[in-house]
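Accompanying notes for the structure given below.
The values are calculated or read from the model by the stated rules, or taken from the named source; none is laboratory data. This one's a predicted model, so the numbers in the text were calculated from it and none came from an experiment. Cβ sites come from the backbone with ideal geometry, for glycine too, and all protein chains shown count toward neighbours. Quick note on the areas: whole protein, heavy atoms, side chains included, nothing else; ligands and nucleic acids left out. Shrake-Rupley method; radii C 1.70, N 1.55, O 1.52, S 1.80 Å.
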Amino acid sequence: MIVGDMGNNNYAFIDSQNLNLGVQKVGWKMDWRKFREWLRDQYGVSKAYMFIGHMPEYEPLYDQMHDAGYLVVLKPTMDTNKMLHPDQDANAKEKAPDEKKPAVKGNTDADMVLWTMREYPNYDKAIIVTGDGDFFSLIEYLDQQGKLGHVMTPNWQYSSLLKMFDKYVIRLDQHRRELAYRDRPKKAN
């Protein structure tokens, strides 16, 4: 059953970090396979693009996402603790990292906007999955063109810039029962 009159040729563009951190912030984990099926069954999503900062140690996760039906778009990440001082040249030694865990940056926002516009002629409606106000201009444009299906936010704490699109907002925390990952008990032998 597809909600509303959105049809079956809709694409989802998912800000994975915003979604993952947003649901964890309110105490649960997303079951990515269930989420992909829910997008297909409830909103006619034929393609779901997942934007993720690439880290080699997470290759199995990327494979798992692909197997669940996502089109995974990876962006190189950088360790912000290893950035050069302004007075060092490109051949200079990197500065020493802090004692704490390195801050890794893999901002995928520009990629998500690019892919949403690159695929624009191929979908009926776009579903933007984020609570980040950086996507205001994209969402506004899609709305003006009649191509915005929904804005799915992780929880109630989404950017005030997106409040003007409240009629499109679907809060995923309100679908926790359907979408949450649950550990399955192991069968006793």
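One table, with the values for the structure above:
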| read-out | value |
| --- | --- |
| Qualifying residue in region 13-21 (condition: in contact with a Pro (Cβ under 6 Å, 6 or more places away or on another chain) and either open to solvent by 50 Å² or more (accessible area, probe 1.4 Å) or under 30 Å from residue 146 (Cβ atoms) (or both)) | yes |
| Region 165-179, subset free of Cβ contacts under 8 Å to residues at least 24 places away in the same chain and surrounded by 13 or more Cβ atoms within 10 Å (Cβ to Cβ), residue farthest from residue 32 (Cα to Cα) | 169 |
| Any pair with Cβ under 6 angstrom, 6 or more apart, that starts in region 47-60 at a residue that is farther than 10 Å from residue 16 by Cα and in contact (Cβ under 8 Å) with a residue 60 or more places away in the chain and ends at one that is among the aromatic types (Phe, Trp, Tyr) and not in a loop (DSSP other than H, G, I, E, B) | 47/11 |
| Single match in 36, 118 (criterion: surrounded by 12 or more Cβ atoms within 10 Å (Cβ to Cβ) and either among the small types (Gly, Ala, Ser) or modelled with pLDDT of 95 or more (or both)) | 36 |
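So that you can scan it fast, the table gives a plain yes or no per residue for (1) modelled with pLDDT under 95; (2) polar (S, T, N, Q):
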residue	(1), (2)
149	no, no
154	no, no
161	no, no
166	no, no
171	no, no
175	no, no
181	yes, no
186	yes, no
189	yes, yes
